[in-house]
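**Student:** This is the structure I have questions about; it appears just below.
The values are calculated or read from the model by the stated rules, or taken from the named source; none is laboratory data. Keep in mind that this is a model prediction, so the values were computed, not measured. Cβ: placed from backbone, ideal geometry, glycine included. Neighbour counts: every protein chain shown. Remember, those area values only see protein heavy atoms, side chains included, never the ligands or the DNA or RNA. Shrake-Rupley method; radii C 1.70, N 1.55, O 1.52, S 1.80 Å.
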Amino acid sequence: CGTLSTPQATRLAVLCGATDLLAALPEATELLEALARIAPAARLNVVRRDPGTVISVVGAAGGVGASFIASCLAHMAVATDSQSAVLVDLDTSYAPLATYLGVKSERGLIEALERVETLDSVALAGYLARSRSGTALLAATNVGGYLESTPLSADRFHHLLELLVADFDRVVVD
């Protein structure tokens with residue numbers, strides 16, 4: 001918020017949860033004392049969750065209903081079980097799940113995989129589309145009006161899955 005020289009900036013810091021205000025360049029002892037004061041409260045606010053479950057739905061041939069089953073599994077996790085869920089559509093040629101869910105995204109699976117080393121939970125959210133039910137979707141985009149089949153890197157996809165299971169209860173891969 002910049003310098004704390006105005007009442008508005010100080011009020012904003014308090015509203016954001018500040019419990020102490022230090023000089024612009026505090027002495028090392030002053031900084032250590034402040035950290036020691038907030039350490040017990042910071043430990044209490046840490047929320048750890050078990051990693052989510054990955055469910056893969058694979059059809060033996062096109063048109064057998066794998067995408068339909070995958071979208072239903074993710075939707076049921078959200079609607080019935082009150083869990084968070086993300087659908088990952090690996091079909092980079094057609095990306096049918098975006099159509100099923102009625103969502104569009106400017107960025108998606110291919111872009112996330114290209115930048116996966118730099119992503120965290122907050123950045124990853126920018127690549128997800130959300131359906132009305134709250135189900136998240138990570139799919140190829142067709143911003144240019146068509147999709148090209150794009151080979152996916154197994155290592156990058158593994159890294160992406162690690163990010164997704166850290167944030168979602170169910171990761172449904174189609």
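**Student:** When you look at residue 118, is it farther than 16 Å from residue 71 by Cβ, open to solvent by 40 Å² or more (accessible area, probe 1.4 Å), of a type in the set (S, T, N, Q) and modelled with pLDDT of 90 or more, yes or no? Don't jump to the end; show me each part of the working.
**Tutor:** Details: farther than 16 Å from residue 71 by Cβ: yes; open to solvent by 40 Å² or more (accessible area, probe 1.4 Å): yes; of a type in the set (S, T, N, Q): yes; modelled with pLDDT of 90 or more: yes.
In short, yes.
**Student:** OK, next. Out of 56, 93, which single residue is under 20 Å from residue 156 (Cβ atoms), modelled with pLDDT under 85, polar (S, T, N, Q) and open to solvent by less than 90 Å² (accessible area, probe 1.4 Å)?
**Tutor:** Result of the check over 56, 93: 93.
**Student:** A further question follows. Here are some residues: 125, 70, 85, 74. Which one is modelled with pLDDT of 90 or more and either under 12 Å from residue 160 (Cα atoms) or open to solvent by 30 Å² or more (accessible area, probe 1.4 Å) (or both)?
**Tutor:** Answer to the check: 125.
**Student:** Those residues that are at pLDDT 90 or above and among the acidic types (Asp, Glu), I need them from region 128-169; list them, please.
**Tutor:** 155, 162, 167, 169, listed by residue number.
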